[in-house]
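The values are calculated or read from the model by the stated rules, or taken from the named source; none is laboratory data. All figures in this text were calculated on a predicted structure; none of them were measured in a lab. Methodologically, a virtual Cβ is constructed for each residue, glycine included, from the backbone with ideal geometry; neighbour enumeration extends over all protein chains shown. Note: areas computed on protein heavy atoms with side chains; ligands, DNA, RNA excluded. Shrake-Rupley method; radii C 1.70, N 1.55, O 1.52, S 1.80 Å.
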Amino acid sequence: MKPWSKSDKKEKLDIENGLLLCPNHDKLVDSGFISFDNNGCILISDKLSGTDKIFMNIRSDAKIEVTENNAPYISYHRQNVFKK
């Protein structure tokens, strides 16, 4: 969730600094078009078109598990990578 270029040595190797996602969703996270709130609910950028949401299988009810260990990385992504 926190980009490699912005992570320190410990963060780069931390298994909590990432999510296991399908390729479509992984690319959208990396590009900042989707992120997640503190409860794990998906946040979808207004910059993502309705057509792209359909073709990339983005559902507004998608949710991930947020843990104490991955929460700081998700928060970083939401504040620094996500395109509101």
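Before we move on, is Asp46 free of Cβ contacts under 8 Å to residues at least 60 places away in the same chain and touching a helix residue (DSSP H, G or I) at 6+ places or on another chain (Cβ under 9 Å)?
Answer is no for this residue.
Name the single residue, out of those in the stretch 63-84 being in contact (Cβ under 8 Å) with a residue 24 or more places away in the chain and over 14 Å from Glu16 (Cα atoms), that is farthest from the chain's Cα centre (by Cα).
Residue satisfying both the conditions and the ranking: Lys84.
Filter the stretch 61-78 down to residues that are hydroxyl-bearing (Ser, Thr, Tyr) and open to solvent by 40 Å² or more (accessible area, probe 1.4 Å) and give me whichever is farthest from Lys2 (Cα to Cα).
Thr67
If I filter the stretch 19-40 down to residues being open to solvent by 50 Å² or more (accessible area, probe 1.4 Å) and not in a loop (DSSP other than H, G, I, E, B), which single residue comes out as nearest to Asn80 (Cα to Cα)?
Only one residue tops the list, namely Asp30.
So which residues in the stretch 63-84 are over 12 Å from Gly40 (Cβ atoms), touching a Phe, Trp or Tyr at 6+ places or on another chain (Cβ under 9 Å) and assigned to a helix (DSSP H, G or I), if there are any at all?
His77, the sole residue that qualifies.
Pairs please, first residue from the stretch 10-32 and closer than 16 Å to Lys53 by Cβ, second anywhere and among the basic types (Lys, Arg), Cβ atoms under 6 Å, 6+ apart in sequence or on different chains.
Partner pairs satisfying both residue conditions: Gly32/Lys83.
Looking only at residues in the stretch 41-52 that are assigned to a loop (DSSP other than H, G, I, E, B) and either polar (S, T, N, Q) or in contact with a Ser or Thr (Cβ under 6 Å, 6 or more places away or on another chain) (or both), which one is least open to solvent (accessible area, probe 1.4 Å)?
Ser45
Would you tally the residues in the stretch 1-18 being out of contact with any strand residue (DSSP E or B) (no Cβ under 9 Å at 6 or more places or on another chain), closer than 14 Å to Asn80 by Cα and surrounded by 10 or more Cβ atoms within 10 Å (Cβ to Cβ)?
If we filter the stretch 1-18 for residues that are out of contact with any strand residue (DSSP E or B) (no Cβ under 9 Å at 6 or more places or on another chain), which is where we start, we get 2-18.
From what is left, the residues that are closer than 14 Å to Asn80 by Cα are 2-7.
If we keep only those that are surrounded by 10 or more Cβ atoms within 10 Å (Cβ to Cβ) too, we end up with 2-3, 6-7.
Number of matching residues: 4.
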